[in-house]
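Laboratory data are not the source of any read-out in this text; all were calculated from the coordinates shown. Just so it is clear, the structure is predicted and the values come from calculations on it, not from any experiment. Note that we place each Cβ from the backbone using ideal geometry, even for glycine, and neighbour counts take in every protein chain shown.
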Amino acid sequence: MIRILIADDHLLVRQRLIQLLTEGFPSSYLVETDDTASLLSQALENEWDIIISDLAMPGGGGLFAIEKIKNSKAHIPVLIISIYPEEQYAQRVIQAGAAAFLSKDKADDDLITTVRSILSKAGK
């Protein structure tokens, strides 16, 4: 069973991510949060195989959260998703410690492949 934490402040985005992940990983355990404080609480109090976080959320967002997560649980890969252009943010989030960056407009096509790639690199 793959344990996935999803953080996004938009309900419809979370619902779509959950739908895609459930189809791609039928036996996965999914937990959702809607702000940075909840993301950090869940990330630091529990074990996850992967964390998927929006770049911009109330309380600091995914970029802020990466630093906190990597300081305590460096082994957990973080996938940052965003509506913002890949050219503008991908390198920045990778340098901050994210495993990958994915544009939300590519999630339908690339989310499962990206998550599988990250999990494979993490030995999961």
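The stretch between GLU67 and SER117 holds 15.8 nm of extra length on full extension. This uses 0.36 nm per residue minus the Cα-Cα distance. Rounded to the nearest whole angstrom, the semi-axes of the ellipsoid equivalent to the stretch 3-121, taken from the Cα gyration tensor as √(5λ), stand at 18, 16, 14, largest first. A DSSP coil position with no more than 13 other Cβ atoms inside 10 Å describes the following GluC sites (Glu not before Pro) in the stretch 40-105: GLU47. Please find, in a Gaussian network model of the chain (springs between Cα atoms separated by less than 10 Å), the residue of ASP35, ASP109, ASP49 whose mean-square fluctuation is greatest. Maximum fluctuation in the GNM of the chain, among the listed residues, is at ASP109. Stretching the chain fully between LEU30 and HIS10 yields a gain of 5.6 nm (0.36 nm per residue, less the alpha carbon separation).
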